[in-house]
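What follows is calculated from the coordinates using simple rules that are stated; it is not laboratory data. Keep in mind that this is a model prediction, so the values were computed, not measured. Note that each Cβ is placed from the backbone with ideal geometry, even for glycine, and that neighbours are counted across all protein chains shown.
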Amino acid sequence: MTTRTQRQSNIELLRILATCMVIILHYNSVTGGGFFTVQDGSPNQFILVALESISIPAVNIFVIITGYFLCKTNVRDFMKPLGLVAQVIVFAVITFAIGRIFVPQNANIDTLFEYLFSSNWYVYIFFALYLISPFINVMWDKLNPSGKRILLAFVMILFSIYPTLIDILKYWSGRQLNGSSTIGLEGSQAGYTIVNFVVLYLIGAYIRDNDKKTDKNKTLSAYFICLCLNMAWAYADGIRQGKNIYDTVAWNYSNPFVIAEAALLFMLFREIKVKNGRLINIFAGASFTVYVLHLRFIGFFKISEFAARNPAILILHLIACVIGLYLACTICYFAYSVVAKPVAKFVSGKMGSLRTFSI
């Protein structure tokens with residue numbers, strides 16, 4: 001999901017992990033998924049809540065990777081984001097057409113719009129971030145190290161910590177508090193915004209500017225502290241308030257703990273040494289297709305039939321689901337590439353100098 005001239009297999013491995021995290025999030029949350037199947041207070045619920053807390057930084061990880069690699073270049077290729085949108089459109093139309101043939105009662109225009117837009121909200125915000133990122137870079141490069149730290153502190157306070165405090169107040173008081181957030185009229189929107197993406201992009205740029213070895217033990221300890229606090233927060237929101245445990249501010253993308261988890265995981269994987277990462281790079285290349293397409297296949301795994309059984313079966317089924325979906329979508333990626341690469345090459349040739357821009 002990110003652009004770079006040279007692949008680093010340790011970061012590609014992180015991309016694969018983040019993609020698997022996205023699958024886990026949807027294993028839990030799709031209709032008939034884990035959260036709708038397990039009993040409150042059961043070991044299975046604890047497992048799913050733990051996995052949700054581990055997996056929730058997935059999208060943030062992708063954006064931090066983007067900031068880390070794109071912050072050092074101001075050349076942008078229109079074909080890259082257009083290629084992502086084209087892939088969304090192609091798979092949306094194909095899967096919608098198949099649905100119309102085999103399950104016509106469940107495939108209408110709203111279904112098509114879901115496949116095109118709501119299921120792939122990330123793509124459109126990423127498109128916007130990609131195009132404005134060179135201008136962010138110019139601003140960032142003009143700052144001295146102190147100015148960069150101050151800016152990062154301000155954006156974290158204004159667009160993560162403060163909005164999260166407002167979300168907590170809304171959640172616990174039951175009031176709307178419209179207009180009180182620094183992000184939008186209705187609040188933080190759980191981080192599904194270009195504002196959160198810019199914050200994460202700047203974090204990636206800051207890590208790149210301070211590209212030095214970190215203490216792995218301290219980083220890992222900080223990660224586990226954030227993870228445990230976030231998980232405890234989810235239970236506090238759910239159990240103590242007598243509400244659905246899955247309706248929690250703890251799992252907002254803009255939550256500072258979720259942002260910290262993403263940054264710390266990135267810093268950990270940055271230190272990993274991978275000698276021969278060819279296979280990793282191949283599977284990482286399919287990660288965007290997995291992201292786009294896995295929701296079309298996940299229903300075939302009949303989650304509700306396995307999630308409520310004993311914990312071992314739940315874990316085995318979830319692992320099988322993640323591996324099966326990744327492999328199935330990877331096959332689709334290679335099939336798509338056979339057709340898409342020549343088309344992209346032809347379009348690129350027609351666009352000529354209009355293909356790229358730089359500042």
> Taking the simple approach of a point 7 Å from Cα along Cα-to-Cβ for both Q176 and Q105, what is their distance in nm?
Replying inline: 3.7 nm
> Using alpha carbon centroids, what distance separates the stretch 286-359 and the stretch 42-78, in Å?
Replying inline: 16 Å
> Could the peptides 323-333, 91-101, 207-217 be put in order, highest first, of the mean number of other beta-carbon atoms found within 10 Å of their residues?
Replying inline: 323-333, 91-101, 207-217
> Local charge sum around F288 (other residues, Cβ-Cβ under 13 Å, Lys/Arg +1, Asp/Glu -1)?
Replying inline: +1
> Where does each of 141-147, 110-116, 169-175 land if you order them by average Cβ count within 10 Å, highest first?
Replying inline: 110-116, 169-175, 141-147
> So what is the 222 nm mean residue ellipticity for the chain from helices alone, if each DSSP H run of at least 4 adds -39500 (n - 2.57) and you divide by all residues, rounding to the nearest 500 deg cm²/dmol?
Replying inline: -22000 deg cm²/dmol
>> Cut-off under 22 Å on the C-alpha distance; same-chain residues fewer than 8 positions from K142 excluded. Which lysines are left, in chain and number order?
In response: K72, K212
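For the stretch 9-351, how big is the tail of P(r) above 37 Å, as a whole percent of Cα pairs? Spell out each step's value before the answer.
On the way: 10919 of 58653 pairs.
Here the long-distance tail beyond 37 Å is 19 percent of all Cα pairs in the stretch 9-351.
Can you give the relative contact order of the stretch 147-218 as a percent, counting alpha carbon pairs under 8 Å and 6+ residues apart?
Details: 43 pairs, mean separation 21.0, N = 72.
Once normalised by length, the contact order is 29 percent.
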> How high is the FRET efficiency from M351 to A190, r the C-beta distance, R0 22 Å, rounded to 0.05?
Replying inline: 0.05
> Say the cut-off is 31 Å between C-alpha atoms; which of K216/K345; K80/K218; K216/K341; K80/K170; K148/K275; K80/K148 go over it?
Replying inline: K216/K345; K80/K218; K216/K341; K80/K170; K148/K275
